[in-house]
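Everything on this sheet refers to the single structure shown next.
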């Protein structure tokens, strides 16, 4: 599917990113993402992860190629989830380290007004730049997850 | 980082930073979502709030494996909890506790009317893993709550009667836990309500105010016999609401006039109520509150529950010793009051409510006791009485077990003092007290 432009901007902003996968025994696991980029044609999404933190997700993606990624704007709880079964681990690209830095700044900027300490949020999304890895997938399905009566509705591309 | 215990990291479950959970559908599709609450139950169990028939819920009913990601609110250290779904509870203490907490979270996050607890999904914790990262150093604790509990427990030893026991408990909470507002309510099992006997920190003591079982944080704690702690206040658990509900439950009429307002702080943000239990009996509720969000922690809850348990045992032993050593039948001291305008005491037999010169005093058992004292005085001019004779008086309808007579007398004595009534009761010894009359009185029975 092609991601709607609005959502492509959304997932690349200062949203909270959580990525899940599962192993061959259908046991799920999850990790926080530290940045996201979407290709110009909006067909491919890459979430950046710290390898050390994502050991289980990396193993699960290698084994099953499944992924579920939730992107949430903390202030409004607006949330979408992208799912795919063609996820692959990819090398970081030039500019990814800066992207992760920009992501941390934007995430902090969204949370400090809600009363969270900047040092706490920086610690939460800290990642060794030398340890970055990409998790790339073409979204097969997209769901609106904002709490409420429309949660779980399929987003049209 | 092996051998992590859930107790050691339960601050992560206070909800300061939301937790996320991953599940997997039978067809192998993973799902990740935020959860409003991951509630600590014990060293090997947590409960997740079930609010919507969402994917998480559908998945775990078929594939019980789930993984939660929780975050320490002070250090940002992340932990993964490997979970296995066990069952769902839709009533009882755990459910009510989570429901109260969720109402607070909803009101704090602008989700009132959206968040509603349908069930508490209970999971076994199979494994806890610390996620590598660069957490902040853990702040040094301000106080060790165990030392506070010890000091409170030692303080209670000085109590000689129920009144000093209640006052020492509240003083201990103030000096050892820095609690700014607290009250003790005793349970009236037959009427399924609680009445305030002692408080501190409020402009009005609220002694005599009532809360129905099941209403507000205090009433839910009594009904469930479980501690209820909320970090953010929600309208549906507030006093005003609780009082209105009590009145509605009781029916209208004179009830509005005879409702003593619960003390309470208008801008209460954090509340914690612990049941006072002894030998499986609910004796009352110990309650603390604060104008600050997230004021009371898991450790404070542990402390208050322990102090309430200590208080329960102490109340019971004081009652038993009062039964054993009740004073002899009172000396037949008499006294009459001459001069002065007689105050008019109106009594409504329907609920034993008492008005002194149109000013509401008290109702229920305490009202009946007051009436008995005045009637006895009116016929015999007696001024000295004993607890024993009150306990034996069939007209007072004191419940057999834990009659709480002492608590009723404290209530009556404090109300008379607060209302500056022209008569007082004064303790003269163990199980004995005197009626002090400053003016003559005239009794009026108001039939309805």
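What follows draws every value from the coordinates through simple rules; no lab data is involved. Because the structure is a prediction, the values reported are computed rather than measured. Reconstructed Cβ throughout: ideal geometry from the backbone, glycine too, with neighbour counts over all protein chains shown.
Details
- Gaussian network model of chain B, Cα within-10 Å springs - most flexible of B:277, B:262, B:437: B:437
- Cut-off 15 Å, label 7 Å out along Cα→Cβ of residue B:418, residues of region B:184-223 by amide N: B:184-186, B:194-211
- Estimated distance in nm for a label pair at residue B:171 and residue B:146, the labels positioned 7 Å out from Cα along Cα-to-Cβ: 2.7
- Estimated from helical segments only, the mean residue ellipticity of chain B at 222 nm is -10000 deg cm²/dmol, where each DSSP H run of four or more residues counts as -39500 (n - 2.57).
- Note on chain A: helix-only mean residue ellipticity at 222 nm, from DSSP H runs of 4+ residues weighted -39500 (n - 2.57) and normalised by residue number, equals -7500 deg cm²/dmol.
- Antiparallel DSSP beta bridges within chain B, as percent of all bridges there, nearest 5: 95
- Shown here are the Rg and Dmax of the Cα trace of the protein assembly as shown, at 30.3, 101 Å.
- Whole-number percent relative contact order across region B:170-219, with pairs defined as alpha carbons under 8 Å at least 6 apart: 27
- When B:142, A:51 are sorted by how many other C-beta atoms sit within 10 angstrom of their C-beta, beginning with the fewest, the order is B:142, A:51.
- Among B:308, B:222, B:190, the largest mean-square fluctuation in a Gaussian network model of chain B, built with springs joining Cα atoms closer than 10 Å, belongs to B:190.
- Summarising the strand pairing of the protein assembly as shown, around 95 percent of its internal DSSP beta bridges are antiparallel.
- Relative contact order (%) - chain A, alpha-carbon pairs under 8 angstrom, separation at least six: 29
- Taking all Cα pairs closer than 8 Å and separated by 6 or more residues, the relative contact order of chain B comes to 11 percent.
- Acute angle (nearest 10 degrees) that the helix B:364-380 long axis makes with the longest principal axis of chain B, alpha-carbon atoms: 10
- Descending semi-axes in whole angstrom, ellipsoid equivalent of region A:85-157, from the Cα gyration tensor: 26, 23, 9
- Gyration tensor (alpha-carbon) shape descriptor, region B:23-130, a/c threshold 1.5: rounded
- Length gained when the stretch residue B:189-residue B:344 is fully extended (0.36 nm per residue, less Cα-Cα span): 52.6 nm
- Residue of B:102, B:138, B:374 that the Gaussian network model of chain B assigns the largest fluctuation, springs spanning Cα pairs under 10 Å: B:138
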